[in-house]
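Every number in this text was worked out from the coordinates using simple rules, so none of it is lab data. All figures in this text were calculated on a predicted structure; none of them were measured in a lab.
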């Protein structure tokens, strides 16, 4: 699958029917991922053109791992595949929003938690600290054997 180059007019980019993702200089676009059932923010990742194309073609979320420098089918190892219910782009097509259903343990984070956003920041005595507010749904040591 090939994507069109971004339209030259602002109106065509913002109001047109052509998916023309605006990848950054590294060839990536930010992907925001939420649970389709309740809207919980699960993760933020990145996609290259191949990951976006595979996601659209298969209905299963694929990403580009910047740390491993490789294509990544989310849940392939853990069984927590993300089935895409809806894929949207923002007004200037430089971000993607996926609403997904998560299989397996229903967890998205490699720590075994439902969401990668399992810590909240608080200010106490002039210092910022993080508070963990969810427990893992599975033990990563049991799932990730690499």
Q. Using Cα atoms only, what is the angle between the long axis of helix 49-58 and the major principal axis of the chain, expressed in degrees (0 to 90) to the nearest 10?
A. 80
Q: Any chance you could run the full-extension gain for residue 38 through residue 133? It's 0.36 nm times the residue separation minus the Cα-Cα distance, nm to one decimal.
A: 32.4 nm
Q: Please give the length that would be gained between residue 83 and residue 121 if that part of the chain were fully extended, namely 0.36 nm times their separation in residues minus their C-alpha to C-alpha distance (nm, one decimal).
A: 10.7 nm
Q: For the stretch 87-138, would you read off the P(r) tail past 16 Å as a percentage of all alpha carbon pairs?
A: 60
Q: Quickly estimate the mean residue ellipticity at 222 nm for the chain, helices only: each DSSP H run with n ≥ 4 gives -39500 (n - 2.57), and the total goes over all residues, rounded to 500.
A: -3500 deg cm²/dmol
**Q.** Length-normalised contact order of the stretch 1-90 in % [C-alpha pairs under 8 Å, at least 6 apart]
**A.** 17
Q. What is the antiparallel percent of DSSP beta bridges lying wholly in the stretch 10-110, to the nearest 5?
A. 75
